[in-house]
Structures are given as C-alpha cells and as structure tokens.
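> Following this message is one structure expressed as structure tokens.
The values are calculated or read from the model by the stated rules, or taken from the named source; none is laboratory data. Just so you know, these numbers come straight off a predicted model, no measurement behind them. When we count neighbours, we look across all protein chains shown, and the Cβ atoms used for this are built from the backbone with ideal geometry, even at glycine. Just so you know, the surface numbers come from the protein's heavy atoms only, side chains and all, with ligands and any DNA or RNA stripped out. Shrake-Rupley method; radii C 1.70, N 1.55, O 1.52, S 1.80 Å.
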Amino acid sequence: MSFIDAVDKVEVPRPPKHYTEPSFAEVLGVPIAYRRQGNGEAVVFLHGAGFTRRWVPMYEMLAQKFDFIAPESPGFGETPMPPWFRDFSDLSILYDQLFEQLGLDQIHLIGYSMGGWAAAEFASYYPRRLKSLSLVVPIGLRLEDNPGVDLFQLSPQQLMDRLFNDKKVMAEFMEGMDDFDEGIHLYSEMSAAARLIWAPRYNLALERRLQRLTCPTLVVRAEDDHLVPNQMAEKFATTLPNNRLVMIPETGHELCLERPAELARELADFIKEASK
Amino acid sequence: MNKLRFYGFNLMPYADIPPTSEFESAWVSLSNKHYDPQRGRQIYNEYIDQLVATEKYGFDGVGVNEHHANFYGTMPSPNIIAAMLVQRTNHIPIGVIGNAIPLHGNPLRVAEEIAMLDVISGGRIISGFVRGIGCEYFNNGVVPADSVERFNEAHDLIIKAWTDDGPFTWQGDHFYIPNVNPIPRPIQDPHPPIWIPGQGSLETIQFVAKHKYTYMMVFAPQWFTKLAFDGLREECQRLGYEAPKNMVNACVPTYVAETDKQAHREAKAHLSWVFNTGLKIPDQIFFPPGYMTTKSFRNFMGAMQKGHVKPQAQLSYDELLKDRYIIVGSPETVRNQIGEYCDDVGAGGLIMGGSSVGPMPNWMVMKNMQIFAEEIMPEFREADGKPDYLREEPPAPRTRTEFAAQYGPPPETARSIVTGSEELIEHRVAHLPEIIDSSM
C-alpha cells in the first residue's frame, strides 16, 4: 500500500499581467509550484490569500538581491489541494520538505497576510531553519477586543475595496479578474483559505511557541489597513522576540502591490543585517 | 393507496424587519436586534397551532426544519417544535426535515433526540438529514469544505447508533466517540424513515438512491424538480430497482381561495416575501468557499450566467407562478395545476400545500388550509378521504389496552436487590406486605 498518494496537477487560468511559468517540486505527492530567481541569501516568500501565479514587481526587486523563492500553497495558484490537507501543521511539514528538496538549509522567511500566519506557524515548528522571520501585515493572533471584519462575508468588490487604498493600483491588478474562469479559481483559492483559517481565526499557542525563536524578526504594518486591524501587526511585534516594527506610510493591506519599492527596501535592509 | 400525499409545513418566518432596500442579507448579517421576543412569542404560538391543525384537517404529515441566524425561518432547533407537535397531536406523522447534522459537535445528540421523539410519539417520526445551507456555516466553527464529509459520517454514525446494539466505539475521520450507546432506541424498526431534502445535486441523488431513502426537493422551478426526480429514478434503475412513487416529494407553496383573482390578491405579497425578502442572500454568504466543490460551483455559476437559473430574491411573482415555484388560484385551478405538476415530475407527495407561507396572517393560513383540505385533497384521495397512515397498522399500539393485549407483561419484569437485603424483589409486587416487610 501507498502511504502517500500522488496528486495530479491542475489547469488554472493565467492572469493577463505578471504571469510567469512556475517550476514544480513534488513534495509528499503534491506538485508544489514555485518561482525562483536571483542569487545570494535564500529568501522564501509565503503569499496571502490571492494574487497568485504572478511574478510581481516586489518579487523582482528582491530577486535582484537574493535567491528569491515564492512557492504556492496547496489550493493556491498552480499547486493542487491534496484531499488530506487540513491545517497549518500540514502546510509547515510540506514546506519543510520542499526546502529540503530545493537544497535550502537555513532561510530568511517572509510571510504576507495569511502567509504571515503560515510563516509564524512554520517558525514555531522549525525555529532553527530560520536566519530571520519577516511578517508583513500578518494575521493569526487573537485581538480580544477587535476580531476585525469577516473577509468571507465580503463580496469580491467589497474585499478589493478593503484590500487596496490606491484605486489606480487596484484597477491595474483587477484587469482580467472578471473573467469567468478567474472567478471560479478565486472561489477555489478562497476555499483553500477557508480550510486554513475559517475557525478559529487565530492560534493561541503561537504566542507561546514563537518564544522559541532566536533569529531577528521584523513586522511590517501598513499605515491604514482596512481589512486587518492595525493592532494585529502591533501585537505580533510585541509577541515576537528580537523584533523590529516598521510602518509603510500611505498604504493598506495590499502594500505588496501598492508600495513594492518601499516594502522591498525595508525587507532587504532587514535581511542583509540579519545575514551578517 | 391515495394518489398523492400532502404534508403541511411552516418555516416560521419573522417578518417584522426593515425593507430589503435597507439590508444586504436576511441571513447572517441582519442584526437580531430586529427580533422582538414579545412579537416572536405571539407568532411562534400561532405557527404551532397551525401545524397542530394539519392533523384534524386531514394532512398526511406535518413538517419542521432547522435554520440559523436568519429571519426566513426562525426554527434553530426543529426537534423542540416536533416535541410540541408530538404532545399536541395523536396520529399524524411528524417530519423533522431535517436536522443539519454536520453543524453540530456530536451527531449522537440528534440520534438521541429523534429516538426520544419516536418513542414518545409511538413511531410517528420521519427523520430528515441536511447539510445546512451555506449561510449556516458562518454561525459555527465547521469548515464549509468539511460539510459533505461530516454529513456522510454523521449519517453513518446515527444509523449505526439506532441499529447496532451498543456500546461500540466510533472511530471516524471527523468524530471519535469512545462509547456509543444511546438510550432510548427508536420505536420504528429498524429506524424512522429517512428523508433527504436536496437542491438537485448529483451527490445527494446518488446518496438517496444508494440508501433507498425518500428524496424531497426544496424550492425550485418545475423543470428543475423534474430533472432531479428523473435523475434519481435513473440512478435507482442503475442500481437495479424501480423508484417507488413515494420516494420523491415536491415542495410547492400553494395558496387557494374562492377565485383565481382573490387567491392572487391574498397570496401575492406573502409568497413573494419568502423569495424576495426571506431569501435575499448575497452569493458569498449563500455559498461560502468550500461549501460547494469547485466543480459544482463552476456548473452552478455557468447555469447562472446562461440565465438558466436566477437568484430567488430576483424572481418576480409572475416568474414564480410561470416556473411553478408556487401554485396559486381557485380550487379548480389548484386541483388542475397540482395534478399536472405531480404527473409531470412524478411526485408521490406535495409539501407546503395549504400551509402557512411567508408572513401571512393567521386567518389567511387557516382559510387556505380549510379550502385546501375540503376542495383539493379529496381529489387525490380514495373515496373515504382518509390519509394513508390511518389505513396502515400503526408502529405502536394506540391505547394502553392494545399494548397490554399485544405485548403482555414486559419480557423481564423489573427486579432488584435492595441494598442491605439478600432477596431479589419483583417491583410489580414489591409493596405487598409479604415481600417488603421481610426486608425491613
């Protein structure tokens, strides 16, 4: 009998802008899609719950300075969802195995939004794999007085309005999003997100487990986040050991797309310092 | 056997809410501050009286169901209403159609409650199982993508709990129960009939055919109900049996009055409310991510885009009538349309005919019920006008005398040893001096 069944690749639509062909690594039976470019310190970026399949400007900026790797989690982009996939522990083990197969030993890990939660979970399980940890507008802790909006109750338009503060950038990245197949793919990705974060929308154990970290940590918040309360980043910053908190001004939750240069600079400066 | 069976029903809506222009969704997000418990008490009790009345009006059964956090149907615990009906009726079958079994922490609770109702009612319970609609996943911590798996497993657990001798251990993917041993067990053997309400999905049809359960369609246009019923009959054939007529029930809110015109006058606002207001639900709340598989979602959105189906909140009264979501008219019109409808789709039963629909005043519900009972139902009955259940042997004796005559004394008369004494005492006679005095 086989303990690990192979999962087939999936056909997904290609967004009109910034799409690039991914590479695949078969990890525990799952063909994990990833994009990798550049030289230097290994930097892994874990995406949020959307805008997958793209090599966006911020990635390119970081790839100029580092060996930059952006994998796609199960159910996102071109990585299929295996039937056994349940939670962040499954995800952490998949990523540990992926890094092994890519020949990565110690890495700098960046997580954005839901990927910030994923990165924090990974860090809590594998603290010795990390040279640094950067969380960009992460979620995953409990804000007792402010649960924030329920993103699953928002229509696609309401969600976009809360994600973007800069409506010009929004218009650029929304191009092609009204396509039928893209709409179905979005439902599929939101299903994968719901699998991970439907309930509860936090992991209380993280506050304790993250104390295992010995590497430098960075939290990046946006000045004016309309999707996740600003206090969430603040709480991560006080929870994480060895932390530096920075704020990117005049942007919201989608700061990767709205302020790529500023964000890439903050991340690069921090990673360079952590590499010394 | 009668040509058609009629099941009374009541969603128990609460309609004292702002107009639809002032809210996005009648489910999940519209605040419960709009629910006035004083008003709620009045209408709950009216609704219960209406459901009780179905027995003396001659219906074949009466149904209740489960919905949460909405104004369309304020019955989060259908078993509670069923318990009241058990106590206030004598012989009519009572359908809980159904309990939303994936939503709750321990499915055994449903096994226990339905068994209690079945025992107390003398085997009058029909047990329906549903996934709960998508909106309901916002009210608890169950991941929508787990809905189907949890439904299947909860179903298997409940059936096994009713049919296998306990105790046993349940080692499921979603539920682990060290000791399954529900008491009481249901009175119907092997268990109450199972009804599965569905929206026409292939997965549900295959499930019903496999288990030989009864399928009931929720609100849908006639063509779609027919498509689903035909699909079920084909699936049964594929499995090597003919689907009996009573295997499928249609759900068509029906209102009857003296004339066509009068019926429309009376029904229009209230029937429209059910669809236009009660079912005003944005897509992302109706179909939370993962509630449908990506494949089902693609099919559904494809049909929506081609205009094959329209969101129910956008259906006009004329469209509701034209597509036969509803039937409204004079006794003659309603008789004809029900006859045509049920012949066309091949239904053995009709749910929500002559029932309360939407925020109708009590007098209107009772008027509908009376005309329906006197002028519609006899058309589909044998000459004696009786519902089938009154011709069948009841699952339990109807009187204590019949019970004693049929069952005699219990197989094992209760006996016990009173602590401190050595004698085994028979409780039936334990109070007699020759027994109890020797232990004192």
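> Exceeding 29 Å between C-alpha atoms, which entries from my cross-link table qualify? They are B:K280/B:K322; B:K33/B:K367; B:K322/B:K386; A:K167/B:K310; A:K235/A:K272.
Over 29 Å apart, Cα to Cα: B:K33/B:K367; B:K322/B:K386; A:K167/B:K310.
> Leaving out ligands, DNA and RNA, calculate the buried accessible area for the pair B and A with a 1.4 Å probe, summed over both sides, in Å² to the nearest 100.
Separately minus together, B and A give about 1800 Å² buried.
> Which semi-axes, in whole Å and largest first, does the equivalent ellipsoid of the protein assembly as shown have when worked out from the alpha carbon gyration tensor as the square roots of 5 times its eigenvalues?
Equivalent ellipsoid semi-axes, largest first: 55, 33, 23 Å.
> Let me ask you something else. Restricting attention to segment B:383-415, which trypsin sites (Lys or Arg not before Pro) occupy a DSSP loop and are surrounded by at most 11 other Cβ atoms within 10 Å?
Those that pass, being in a loop and sparsely packed, are B:R391, B:R398.
> May I pose another question? Charges only on Cβ, +1 for Lys and Arg, -1 for Asp and Glu: so what's the dipole of segment B:7-111 about the Cα centre, in debye to the nearest 20?
So the magnitude is around 300 debye.
> Please turn the phi angles of segment A:50-60 into ³J(HN,Hα) values with the Karplus equation 6.51 cos²θ - 1.76 cosθ + 1.60 (θ = phi - 60°), one per residue in order, whole Hz, x for glycine and proline.
With the stated coefficients, segment A:50-60 comes to x, 6, 7, 6, 10, 9, 7, x, 4, 4, 4 Hz.
> Using only atoms on other chains, find how many Cβ atoms lie within 10 Å of each Cβ of peptide B:279-289 and report the average.
Whole-number average of other-chain Cβ neighbours for B:279-289 is 4.
> Could you identify which residue out of B:E392, B:E319, B:E422 has the top mean-square fluctuation in a GNM of chain B using Cα springs shorter than 10 Å?
B:E422
> Which value, in Å², gives the accessible area per residue of chain B when a 1.4 Å probe is used on the protein heavy atoms?
Per-residue value: 46 Å².
> Could I ask something else about it? What FRET efficiency do you get for A:E273 and A:Y125 if R0 is 35 Å and r is their Cβ-Cβ distance, rounded to the nearest 0.05?
Efficiency, from the Cβ-Cβ distance: 0.90.
> By per-residue mean of other Cβ atoms within 10 Å, what is the highest-first order of B:332-344, B:367-379?
Highest to lowest by the protection proxy: B:367-379, B:332-344.
> Assigning unit charges at the beta carbon (Lys, Arg +1; Asp, Glu -1) and nothing else, what dipole magnitude in debye, to the nearest 20, does chain A show about its Cα centre?
Dipole magnitude for chain A comes out near 900 debye.
> Which far-off residues, 5 or more places away or on another chain, put their amide H under 5 Å from the one on B:Y215, with H placed in the peptide plane?
HN-HN under 5 Å from B:Y215: B:I196, B:V248, B:N249.
> What shape does chain A take by its C-alpha gyration tensor, where a ≥ b ≥ c are the square roots of the eigenvalues and a/c under 1.5 counts as rounded, a/b above b/c as prolate, and the rest as oblate?
rounded
> Hey, another quick one. With the cut-off at 1.5 for a/c, could you classify segment A:1-47 from its C-alpha gyration tensor as rounded, prolate or oblate?
Taking the square roots of the gyration eigenvalues as a ≥ b ≥ c, segment A:1-47 is oblate.
> At B:E258 and B:I436, where each label point lies 7 Å from the Cα along Cα→Cβ, what is the point-to-point distance in nanometres?
6.7
> Something else about it: According to a simple spin-label model (label point 7 Å from Cα along Cα-to-Cβ), what is the distance in nm between A:I93 and A:E26?
Here the answer is 2.0 nm between the modelled labels.
> Check the straight Cα-Cα distances from A:K276 and name the lysines below 19 Å, setting aside those fewer than 8 residues away within the same chain.
By straight Cα distance, A:K276 reaches A:K65, A:K131.
> Can you give the accessible area of B:E22, probe radius 1.4 Å, in Å² rounded to 10?
It works out to around 130 Å².
> Within segment A:23-275, what whole-number % of the accessible surface is contributed by carbon and sulfur, with the 1.4 Å probe and all protein chains included in the calculation?
Using a 1.4 Å probe with all protein chains present, segment A:23-275 comes out at 48 percent carbon and sulfur.
> Another one. Select from segment B:115-158 all residues whose loss of accessible area on going from the chain by itself to the full protein assembly reaches 50 Å² or more (probe 1.4 Å).
B:F138, B:V143
> Against the globular-protein guess of 2.2 N^0.38 Å, express the Cα radius of gyration of segment B:101-235 as a ratio, rounded to two decimals.
After normalising by residue count via 2.2 N^0.38 Å, the value is 1.10.
> Quick one: among B:N246, B:N139, B:N106, which has the greatest mean-square fluctuation in a GNM of chain B with alpha-carbon springs under 10 angstrom?
Checking each option, the largest mean-square fluctuation is seen for B:N139.
> Follow-up question, since we're still on this one. Hey, for a label at A:M174 modelled as a point 7 Å past Cα toward Cβ, could you say which residues of segment A:180-211 have their backbone N under 20 Å away?
Residues passing the 20 Å test: A:180-190.
> Let me ask you something else. Out of the total accessible area of chain B (probe 1.4 Å, heavy atoms of protein only), what percent is carbon and sulfur?
Carbon and sulfur atoms account for 51 percent of the accessible area of chain B.
> While we're looking at this one, here's another question. Sort segment A:153-201 into rounded, prolate or oblate with this rule: let a ≥ b ≥ c be the square roots of the eigenvalues of the Cα gyration tensor; rounded if a/c is under 1.5, and if a/c is not under 1.5, prolate when a/b is larger than b/c, oblate otherwise.
Note, shape of segment A:153-201 comes out oblate.
> Out of the DSSP beta bridges found with both residues in chain A, what percent are antiparallel (nearest 5)?
Approximately 30 percent, going by the DSSP bridge assignments.
> Ok, one more. For segment A:119-240, what size does the Cα cloud have along each of its three principal axes, sorted from largest down, in whole Å?
Each principal axis gives a Cα extent; for segment A:119-240 these are 45, 30, 28 Å.
> Further, regarding this structure: Please compute the modelled spin-label separation between B:R428 and B:I183, points set 7 Å along Cα→Cβ, answer in nm with one decimal.
Simple spin-label model gives 2.1 nm for this pair.
> Which of B:Q50, B:Q284, B:Q38 ends up with the largest GNM mean-square fluctuation for chain B, with Cα atoms connected below 10 Å?
B:Q38
> Now for a different question. Please list the non-local residues whose amide H lies under 5 Å from the amide H of A:F66, H modeled 1.01 Å from N, same-chain partners needing a gap of 5 or more.
For A:F66, whose amide H was placed from the backbone, the distant partners under 5 Å are A:N39.
> How high is the relative contact order of chain B? Use alpha-carbon pairs under 8 Å, at least six apart in sequence, and give a whole percent.
The normalised contact order for chain B reaches 20 percent.
> Scan around A:S134 for amide H atoms under 5 Å from its own, H built in the peptide plane at 1.01 Å from N, and keep only partners 5 or more places away or cross-chain.
Under 5 Å from the amide H of A:S134 lie the amide H atoms of A:L109, A:I110, A:G111, A:L218, each far enough along the sequence or on another chain.
> Another question, then. Averaged across A:146-155, how many Cβ atoms of other chains sit within 10 Å of each residue's Cβ atom?
Partner Cβ neighbours, averaged per residue: 3.
> To check you understand DSSP bridge types, tell me what percent of the beta bridges within the protein assembly as shown (both residues inside) are antiparallel, rounded to 5.
Bridges in the protein assembly as shown are about 25 percent antiparallel.
> Accessible area per residue for segment A:136-236 in Å², computed with a 1.4 Å probe and the full protein assembly in place, what is it?
44
> Further question: If you count, for every residue in A:188-196, the Cβ atoms of partner chains within 10 Å of its Cβ, what is the mean?
5
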